[in-house]
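Engineer: This is the structure I want to talk about, given as structure tokens.
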Amino acid sequence: MTTIPATRYETVIGLEVHVQLLTERKMFCGCSAAYSDAPPNTHVCPICMALPGVLPVINRKAIEYTVMTALALHCEIPAFSKFDRKNYPYPDLLKGYQISQFDLPLSQNGWIEIQVEGAEPRRIGVTRCHLEEDTARLTHKNDGGETYSLIDMNRSGVPLMEIVGDPDLRSPEEARAYLVKLQRILRYIGVSKANMEEGNFRCDANISLRSFGETELGSKVEVKNMNSFRAVYNALHSEVIRQTAELDAGHRIPQETRGWIEADGGSTVSQRSKEEAHDYRYFPEPDLPPITLDAAYVDAVRAKLPELPDAKMARFERDYGLAAYEANLLTETRAKADFFEQAVAPAKQKGEDARSRYAHQIANWMVGDFVRLLNASSLDIADSKVNPVDLYGMIDLIEQGTISGKIAKTVFEEMFATGKPPAAIISDLGLEQISGSDEISGIVDGVLDANPKAVEDFHAGKQEAVKFLVGQAMRVTRGRANPETLTGILIAKLEAKG
Amino acid sequence: MADLYYLTIEEAAGLLAKREISSRELTQAVIERIAAVEPRVRAYLAMTTERALAQADSADARIAAGERGRLLGVPVAIKDLLTTKGIATTCGSKMLQNFVPPYDATVVSRLFDAGAVMVGKTNMDEFAMGSSTENSAYHVTHNPWDLTRVPGGSSGGSAAAVAAGEAIYSLGSDTGGSIRQPAALCGVVGMKPTYGRVSRYGLVAFASSLDQVGPFTRTVRDMATVLNAICGHDASDSTSAPLDVPDFTADLEKGVKGLRIGVPKEYMPATLDAGVRARVDEALAALEAQGAIVDRDVALPSTEAALAVYYIIAPSEASANLARYDGVKYGFSYQQGEGMWDNMEKTRGCGFGAEVKRRIMIGTYALSSGYYDAYYLKAQKVRTVIRREFDAAFEKYDALVAPVTPTTAFKIGEKTADPFEMYLNDVFTLPVNIAGLPGISVPAGFVDGLPVGLQVIGKPFDEAMVLRVARGYEQTAAWGAKRPPL
């Protein structure tokens with residue numbers, strides 16, 4: 001991909017994110033919202049099929065999840081909110097209108113803090129966070145020229161939260177950072193799986209360019225059809241290049257909707273002009289009473305919020321003396337952070353220095369070998385067999401000199417594969433470090449006898465011979481010899497021979 | 001014994017309780033009456049005879065087992081706008097010709113639980129849009145008092161069925177007068193309870209903020225009985241009021257002595273039919289004679305705006321409510337077109353009648369970007385003004401009394417050419433929907449052999465007072481006992 005040339009244009013991006021909520025039931029009926037593996041049209045009832053005569057009933061859990069999200073995004077929660085009908089005809093919208101929120105959303109005026117590498121943290125405004133319902137899913141078929149579409153109504157009426165961001169983002173990198181942070185927050189508070197590839201986290205982007213110093217927004221292009229963070233980044237990147245070229249050529253950018261096409265390096269193509277845009281004819285939903293949320297309710301929801309990613313990361317840096325890089329990786333998910341804290345917990349009784357040393361060691365293992373093994377087996381940390389306390393135990397064994405750091409790698413792999421505690425693995429596989437001088441002395445004698453050439457080299461002044469002999473001793477002991485003790489005894493014996 | 005099919009609910013329940021008749025006999029009598037007069041009246045879209053007899057037998061078994069209930073074993077007719085599980089529900093539209101709902105409306109299941117026997121689904125203006133039942137996609141219903149005239153609408157079938165002895169009582173729906181107006185024109189009691197008093201779940205929506213289910217009966221006492229069965233909160237309808245429901249029969253006989261009755265002068269305009277005015281004046285005199293304090297000079301100045309408000313709000317809501325009929329999921333489906341959009345458009349073009357399409361277009365226009373503030377939003381503001389005027393009146397009066405319709409039943413075909421002329425029929429009833437109030441039409445005599453209705457309007461959720469005043473008047477006249485010359 002070509003890099004974005006330095007231009008006289010400032011990029012302005014605002015993201016609209018739709019998130020399916022993890023409620024047990026759908027937004028306005030009693031059907032199960034967990035439809036992902038279900039056969040088509042099995043999670044349906046008269047209400048979500050929009051049969052004549054049915055009425056919606058608000059799912060209170062969805063309201064709670066939206067308020068939770070809004071609070072995590074520092075939004076205001078107005079005391080009065082309402083649902084509206086958004087009218088447009090399409091076969092996947094079974095009622096012919098979507099119950100959504102227009103002028104009085106559940107929340108507004110929040111922000112998300114993002115940071116891209118090498119820059120200061122920035123607050124990106126959140127215009128609003130409101131609640132609506134998902135549509136049915138269409139599958140388009142072509143049987144030997146005969147085209148038709150199938151409708152699966154399982155998704156119809158699943159609670160959908162829309163998070164509209166202010167046009168505060170200034171680059172595709174910032175857009176990606178915003179999405180990563182938003183996803184992390186949503187997963188922390190447990191309101192959504194927030195997985196773009198699975199379609200429960202969807203993103204549309206509004207992007208425009210303007211001359212630096214200009215305060216008015218340029219005409220915006222809405223980009224759709226992106227189904228991964230990578231796709232969002234690539235689509236925005238390609239759109240910046242396209243719009244820059246257009247402006248440089250003296251063309252106006254028409255306001256339109258464009259779709260991202262992944263193929264052939266990726267490009268956006270025009271889908272719909274401003275003139276073809278829908279008039280949604282919003283009006284208040286007469287089948288639902290307005291929503292009033294008092295301060296007591298909001299406080300009660302606030303009390304349910306867990307520690308959020310930013311706060312946790314700051315605490316990890318402060319309390320455990322971790323670097324920002326490590327703290328960031330360890331707070332990626334709540335499961336990771338919890339694992340770390342459980343692993344580090346037994347070190348609490350130790351002195352501050354030791355505690356910090358243990359924390360660093362545990363962090364190293366977690367962002368290193370552990371992540372590598374998890375990725376290789378496509379496992380989530382929550383599903384791994386490794387017990388956090390055992391990771392601590394393994395670090396403890398290294399600290400005590402029972403095993404070397406090198407042996408620990410083998411031990412950890414075994415822990416990962418079997419879930420056994422480190423002590424058991426060490427004794428089963430005979431991996432204890434050999435530190436006794438007598439034992440090591442015997443081994444060294446054997447090595448010196450077997451390698452007279454190396455001994456000769458040493459006395460001829462070749463220091464590398466020590467390395468070679470240590471290596472030979474390690475081979476004999478399968479790496480278990482305490483390296484310091486071994487090297488000390490070896491050199492002493494060599495010098496004595498001379 | 002009088003003809004069984006003209007019994008009141010009260011009489012029928014008494015005979016059934018004493019086991020002097022069985023529900024099967026009563027049901028059979030109604031079915032035979034239907035066979036005799038239905039070719040002339042055409043109140044029904046579909047008969048459910050077999051099921052009715054099965055329900056009658058089951059009611060008889062419950063009675064034999066010692067169970068008693070006012071509605072147990074009594075035949076009812078249901079407007080074809082209320083969903084009935086396993087029985088086609090067409091809404092008087094070609095669009096839903098073959099639509100068989102998989103669920104019962106809440107009111108229907110409440111009646112069935114009480115042991116009601118459903119004899120059939122009644123004719124109506126398509127999707128409840130009309131005031132004469134001439135907008136039915138199927139056939140015209142005739143007024144039992146004069147077969148050349150309309151029964152009113154949109155619940156014309158339900159009103160005519162009760163008037164003609166084709167049901168002991170019936171259910172209809174009232175969005176702008178669709179129960180009270182046909183009740184008045186057919187000489188039966190018809191009531192629209194307070195918005196939120198009766199569940200709308202299973203009532204196929206026309207205008208969601210105005211629609212309300214209500215009964216047609218032969219007496220006010222029967223009205224109270226049916227309301228007792230169908231009113232009350234329903235968790236499936238978020239707009240249904242979570243309020244306790246009083247026993248509506250409790251205060252019925254308390255009389256009107258000392259009650260303050262207001263008559264809004266806007267409801268007695270110079271253009272009011274002289275015969276109707278005379279009947280209303282007589283009714284007011286009768287109430288005064290019973291000791292009511294009648295004030296004929298009440299002002300509800302925004303009344304004249306009500307028609308405009310109604311014809312913005314109702315079509316706006318309808319334009320969304322009827323969007324689901326696209327031929328994709330159920331009902332009529334045009335499939336010979338050029339692809340999806342063409343089929344969807346032609347489904348709606350062919351499936352809906354002219355009045356429905358007119359209202360969808362009015363509503364779509366009123367909600368359109370650039371027009372919303374001038375129409376829909378303004379209409380909602382005026383709606384609030386109308387509601388406040390009623391609120392203020394109810395600080396001074398226990399109930400308001402007015403005519404139901406400007407005229408008696410008009411000739412079939414007389415007003416079909418001019419939609420606006422048709423809309424004017426509801427000028428005295430639709431303000432009550434706009435304000436969400438309870439209103440009843442009770443028979444108040446005849447003009448040239450055609451029935452006239454008296455409207456009693458009450459405070460929100462004060463159905464008991466409305467019924468008490470209506471009953472107080474009914475006692476002085478009992479016009480409802482008169483039968484049409486069929």
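Engineer: For the structure I just gave you, tell me whether B:K94 is surrounded by fewer than 21 Cβ atoms within 10 Å (Cβ to Cβ) and of a type in the set (D, E, K, R).
Structural biologist: In short, yes.
Engineer: On to the next question. Report whether or not A:D92 is touching a Ser or Thr at 6+ places or on another chain (Cβ under 6 Å) and within 14 Å of chain B (Cβ to nearest Cβ).
Structural biologist: Yes; evaluated as a whole, the condition is true for this residue.
Engineer: Here are some residues: B:F216, B:F248. Which one is more than 26 Å from B:V150 (Cβ to Cβ) and surrounded by 18 or more Cβ atoms within 10 Å (Cβ to Cβ)?
Structural biologist: None of the other options fit; the residue is B:F248.
Engineer: Quick one: count up the residues across segment B:326-354 that are within 24 Å of the chain's Cα centre (by Cα) and under 20 Å from B:T83 (Cα atoms).
Structural biologist: Selection size over segment B:326-354: 1.
Engineer: Another question, if that's okay. Look at segment A:304-343 and say how many of its residues are over 10 Å from A:A363 (Cα atoms), buried (at least 18 other Cβ atoms within 10 Å of the Cβ) and touching a Pro at 6+ places or on another chain (Cβ under 6 Å).
Structural biologist: 2
Engineer: Separate question: Identify, from the list A:K409, A:K453, the residue that is out of contact with any Gly (no Cβ under 8 Å at 6 or more places or on another chain), surrounded by 13 or more Cβ atoms within 10 Å (Cβ to Cβ) and at pLDDT 85 or above.
Structural biologist: Going through A:K409, A:K453 in turn, just one is out of contact with any Gly (no Cβ under 8 Å at 6 or more places or on another chain), surrounded by 13 or more Cβ atoms within 10 Å (Cβ to Cβ) and at pLDDT 85 or above: A:K409.
Engineer: If I filter segment B:316-325 down to residues being crowded, with 24+ Cβ neighbours inside 10 Å and either more than 7 Å from chain A (Cβ to nearest Cβ) or free of Cβ contacts under 8 Å to residues at least 24 places away in the same chain (or both), which single residue comes out as nearest to A:P56 (Cα to Cα)?
Structural biologist: B:N321
Engineer: Then there is this: Given the conditions (1) hydrophobic (A, V, I, L, M, F, W, C); (2) free of Cβ contacts under 8 Å to residues at least 40 places away in the same chain; (3) within 14 Å of another protein chain (Cβ to nearest Cβ), report the number of the one that A:A34 does not fulfil.
Structural biologist: The one condition A:A34 does not meet is (3).
Engineer: Something else about it: Do the conditions hold for A:G110, that is, is it small (G, A, S), more than 14 Å from every other protein chain (Cβ to nearest Cβ), under 22 Å from the mean Cα position of the chain (by Cα) and surrounded by fewer than 22 Cβ atoms within 10 Å (Cβ to Cβ)?
Structural biologist: Spelling it out, it is not the case that A:G110 is small (G, A, S), more than 14 Å from every other protein chain (Cβ to nearest Cβ), under 22 Å from the mean Cα position of the chain (by Cα) and surrounded by fewer than 22 Cβ atoms within 10 Å (Cβ to Cβ).
Engineer: Restricting attention to helices (runs of 4 or more DSSP H) lying wholly within segment A:406-498, give those where 1 or more residues are under 29 Å from A:A343 (Cα atoms).
Structural biologist: A:422-429, A:483-497
Engineer: Residues in segment B:476-483: is at least one assigned to a loop (DSSP other than H, G, I, E, B), in contact with a strand residue (DSSP E or B) (Cβ under 9 Å, 6 or more places away or on another chain), under 21 Å from B:T405 (Cβ atoms) and touching a residue at least 60 places away in the same chain (Cβ under 8 Å)?
Structural biologist: Yes, because at least one residue in segment B:476-483 is assigned to a loop (DSSP other than H, G, I, E, B), in contact with a strand residue (DSSP E or B) (Cβ under 9 Å, 6 or more places away or on another chain), under 21 Å from B:T405 (Cβ atoms) and touching a residue at least 60 places away in the same chain (Cβ under 8 Å).
Engineer: Show the residue pairs meeting these rules: Cβ distance below 6 Å; 6+ apart or different chains; first residue within segment A:275-292 and more than 10 Å from chain B (Cβ to nearest Cβ); second residue surrounded by 13 or more Cβ atoms within 10 Å (Cβ to Cβ).
Structural biologist: Taking only residues 6 or more apart or on different chains, the pairs are A:P290/A:K82; A:I291/A:S81.
Engineer: Report, by residue number, each residue of segment A:72-89 that is in contact with a helix residue (DSSP H, G or I) (Cβ under 7 Å, 6 or more places away or on another chain) and within 14 Å of chain B (Cβ to nearest Cβ).
Structural biologist: Those that are in contact with a helix residue (DSSP H, G or I) (Cβ under 7 Å, 6 or more places away or on another chain) and within 14 Å of chain B (Cβ to nearest Cβ): A:R85, A:N87, A:P89.
Engineer: Sticking with this one: Kindly evaluate B:S131 against the criterion of being surrounded by 24 or more Cβ atoms within 10 Å (Cβ to Cβ) and either assigned to a loop (DSSP other than H, G, I, E, B) or modelled with pLDDT under 95 (or both).
Structural biologist: When the stated conditions are applied, B:S131 passes them.
Engineer: Sort out which residues of segment B:393-425 are in contact with a strand residue (DSSP E or B) (Cβ under 6 Å, 6 or more places away or on another chain) and charged (D, E, K, R), and write them in order of number.
Structural biologist: Residues satisfying the conditions are B:D398, B:K411.
Engineer: Being in contact with a Gly (Cβ under 8 Å, 6 or more places away or on another chain), small (G, A, S) and more than 14 Å from chain A (Cβ to nearest Cβ) narrows it down to one residue among B:G153, B:G165; which is it?
Structural biologist: One residue alone meets the criteria, B:G153.
The values are calculated or read from the model by the stated rules, or taken from the named source; none is laboratory data. Predicted, not measured: the structure shown is a model, and the values here were computed from it. Heads up, the Cβs are rebuilt from the backbone with ideal geometry, glycines too, and the neighbour counts pull from every protein chain shown.
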